[in-house]
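Remarks on the structure that follows.
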Amino acid sequence: EIGVGTDAGTEDEFVELYNPTDIAVNLANWALKKKTASGAESNLVSKAAFVGTIAPKSFFLIAHQKYGGAKPADLIYSANSQNLAYASNTAVIYNANDQAVDEVGWVEILKNGSIERRAVQNGACVVATGVGQFLGNACDTDASSDFDTRSARDPQNRNSLPEPRAQAAVSGFNATYD
């Protein structure tokens, strides 16, 4: 999920990573960069500053120092003078070997909203809300249709529960009012 600004400010932004694999991913010496419409790249998190691990089927939240979300960031941008644009921007994550691992471009992300990678259910990409809410964000066909627009941001961090997981069920609940 990527959010690029709110009423609180254009720097209230984040990039959420998801590890769909069964092994932990060491993020040491990775880099997160933004790419403008002209193709110019600049660091959001430099290789030297990138630390952390994404557990299997789990999340990692990277944010600007002025991010104000309810879930704390796992890593703060090393270049807080840089921020993502609402329109015509791309976020690129590079591994320690300088290979692009993933790249997400957008035409527009609305203020206070976000874009979120879709989930996978029975081999098909589905929205990551409703029935897809706890399925993880593993839809990756390298198409813009891998993402849906969210009107309300809901980033997750390394303390969030792993996905996919079953939606919590309540049974035997009974309430009586007098």
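The values are calculated or read from the model by the stated rules, or taken from the named source; none is laboratory data. On a predicted model such as this, the values are computed, not experimentally measured, just so you know. FYI the Cβ positions are ideal-geometry reconstructions off the backbone, even for glycines, and counts take in every protein chain you see. Protein only, heavy atoms only, side chains kept; ligands, DNA and RNA dropped before computing areas. Shrake-Rupley method; radii C 1.70, N 1.55, O 1.52, S 1.80 Å.
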**Message:** Condition check: among the hydroxyl-bearing types (Ser, Thr, Tyr), open to solvent by 60 Å² or more (accessible area, probe 1.4 Å) and part of a strand (DSSP E or B). Does Ser88 satisfy that?
**Reply:** yes
**Asked** For Gly130, which of the numbered conditions (1) under 21 Å from Asn157 (Cα atoms); (2) touching a residue at least 12 places away in the same chain (Cβ under 8 Å); (3) loosely packed, with under 15 Cβ neighbours inside 10 Å; (4) over 15 Å from the mean Cα position of the chain (by Cα) fails to hold?
**Response** (2)
**Item:** Test set (1) touching a residue at least 40 places away in the same chain (Cβ under 8 Å); (2) farther than 24 Å from Asp146 by Cα - Ala48 fails condition number
**Value:** (1)
**One residue from Asn159, Asn83 being assigned to a loop (DSSP other than H, G, I, E, B) and open to solvent by less than 60 Å² (accessible area, probe 1.4 Å)** = Asn83
**All positions within the stretch 136-146 that are open to solvent by 40 Å² or more (accessible area, probe 1.4 Å) and either at pLDDT 95 or above or in contact with a helix residue (DSSP H, G or I) (Cβ under 8 Å, 6 or more places away or on another chain) (or both)** = Asp140
**Complete:** Okay, strands (runs of 3 or more DSSP E) sitting entirely in the stretch 1-74 with 1 or more residues that are under 19 Å from Ser88 (Cβ atoms), I get 14-18, 31-36, 41-45
**Message:** Is it the case, given these coordinates, that Leu110 is outside any strand (DSSP E or B), buried (at least 18 other Cβ atoms within 10 Å of the Cβ) and aliphatic (A, V, I, L, M)?
**Reply:** no
